[in-house]
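Working notes for the structure below.
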Amino acid sequence: MNETDTKVVGALEDGGPVTAPPPDLVAAARALLPRAQAGEDVGGLARDLALAARAAGDAEGECSALYSAMASAALQGQVARSRDIAAEILERGSEAGLPGWEATGRQYLARMQLEEGHEDLALTQLVTAELLLDDREPDVGLVVALNGIAVAYSRIGLHEDSERTYSRLAEVVLEAGDGWAVKAFVHNRLLNQSAWGVALAQAGFEDEAQERLGIASKQAQQAIDMTGSSAEYDFGALCLFADLMAGKLGLQEAREKRHAMLEHSLGEPLSYLRFAFAHLLSNAGRWDEARSEVDAGFEVVNPTEREPIRSALVWERARIAVMEYPDHPGVADVWRFAQMASQKIWQLRRRRMEAVQGKLRVARMQREHERIERVSLEDPLTGTANRRRIDRERASLLSTPSAGWATVMYLDIDRFKVANDQYGHELGDAVLRQVARLLATNVRDGDLVGRYGGDEFVILAAHCPPDDAQQLSERILSAIRGYDWSELQPDLAIRVSLGLAVTRTRLAQLFPAADEALYRAKRAGRDRAELTVIGSDDEELVEA
């Protein structure tokens, strides 16, 4: 266990936030999770919190509350309900610009798609969720999403991908300030290590299996030492499982520890514990007891647990039979079939790993290509379109038959050179960035804002008739005049001149006409807009 992992386990000692507490609504929502884990239906409370968070404009709190509602629904067996809430989290996270929560919704839906047999769709969903989290700052949404992705990978036997995700999670879970998330992280990572060890044993890799189970045992024991309780999150059950599989306990000692553990262990750790004890009993030649333990293991397997514990229990049943009746031809055939099935599961696992890694590589390459393309078309100072993008859109506009009114607007900052020389280029750059922001917030959806060079901007507006163009120019002038430029420099006042050209038919004349209109605005005293409406072939130019 590396230094980060040790710190994570150490954070379990007090069970509370490990750094500064999250906002109140987030904290309130997260406080519902242990209650849901204990079997309480907290869906109504979580919904009330979500509504309160939405009313307060707290998207992070709303998503946290929805997650608690989703977890409660899932633990109550309300599958359809939990799916609907996951889709809501995805949508809300996307709307609010919270990639961690969008990824949380995606990974949960992916896990349900896996249960329904839609593997390729689910893997694509998981990859998309993982990409959303690249280079994100630590917060509750990121921690929840990473943990869910890791769990999903583990569920389908992609233990290396699960551990890769947990390794990243170990670096950020402490910073999120969520004690419950720390415990869930340690618990789920232990489960992955345990499942990995079982899968290796089934596939015949005994040495690797013992190594993996040793790691699981060590991590579980450290969690117990820090919490002072083996019942906490079933760390004790997982620790006992690893020790049983490693043959560290005699049968009598194992019975005593197992009996104590069964009284408070639940769910998936209990199914692993049953499997391990059956393994120990079969090695001791106690066939009937071993079979009873396998049957009990099947009874406590959660409906969402398919791989590896279900197949492991089937494999152990066949192993018990061949150990009891080694010379029985029918039993030998069943054992060979079980071994073949284990090998096929291992091969399927490898293909899934290759599919995930391939999808990640392709998606990251595509994203990098899009980033480079975006950078090549973006002005680095203002974030608006650069001249290359403007010229591309201009060529596209001129080559497309007109389907309605089109508007081109040129904007020039009045006496920008004077202000730039007087206050310096750093202030000049700040002015350009602020003008770009004001333009972006005052144009219509779909309008293109670009910096043509220096202090000159261009706006291309499709489906923009003369009245709309006039209103757009007035809105921009008002926004520039109304901004408090003294925030950048005392006594600073920035004004702009606008030149607009509008037409339905004479597209080739748009840009020259807008340029001429801009010069008219400057000659007329600046801080104003001049509009030219270019009519059809039998109409005169109209200047407004």
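Here, each number is a calculation from the coordinates, and none is a lab measurement. Just so it is clear, the structure is predicted and the values come from calculations on it, not from any experiment. FYI the Cβ positions are ideal-geometry reconstructions off the backbone, even for glycines, and counts take in every protein chain you see.
General observations
- The lysines whose alpha-carbon is closer than 17 Å to the alpha-carbon of LYS522, local same-chain residues fewer than 8 away aside, are LYS417.
- Relative contact order, whole percent, for the stretch 387-543 stands at 28, derived from Cα pairs under 8 Å and 6 or more residues apart.
- Computed about the Cα centre, the dipole magnitude for the stretch 387-543 is approximately 360 debye when only Lys and Arg (+1) and Asp and Glu (-1) carry charge, each at its Cβ.
- For GluC sites (Glu not before Pro), no site in the stretch 60-103 is both called loop by DSSP and has at most 12 other Cβ atoms within 10 Å.
- For the stretch 346-454, Kirkwood radius (reciprocal of mean inverse C-alpha pair distance, Å): 17.5
- Pair-distance profile P(r), taking every C-alpha pair of the stretch 123-170, with 10 angstrom steps and integer %: 28, 61, 10
- Value of Rg to Rh for the stretch 387-543, rounded to two decimals, is 0.98; Kirkwood radius and Rg both from alpha-carbon coordinates.
- Ordering of 34-40, 485-491 by burial proxy (mean other Cβ atoms within 10 Å per residue, highest first): 34-40, 485-491
- Debye intensity ratio I(q)/I(0), log10, the stretch 490-534, q values 0.19, 0.23 Å⁻¹ (C-alpha model): -0.55, -0.70
- Over the chain, relative contact order from alpha-carbon pairs under 8 Å, at least 6 apart, %: 9
- Among VAL322, GLY157, ALA355 the positive-end extreme of the charge dipole of the chain (Cβ point charges): VAL322
- Taking other C-beta atoms within 10 Å as the exposure proxy, PHE205, PHE457 rank PHE205, PHE457 from fewest upward.
- Using a Förster distance of 35 Å, the FRET efficiency for ARG371-GLU487 (Cβ separation, nearest 0.05): 0.65
- Each 10 Å bin from 0 upward holds the following percent of the Cα-Cα pairs of the chain: 3, 15, 20, 17, 14, 11, 9, 6, 3, 1, 0.
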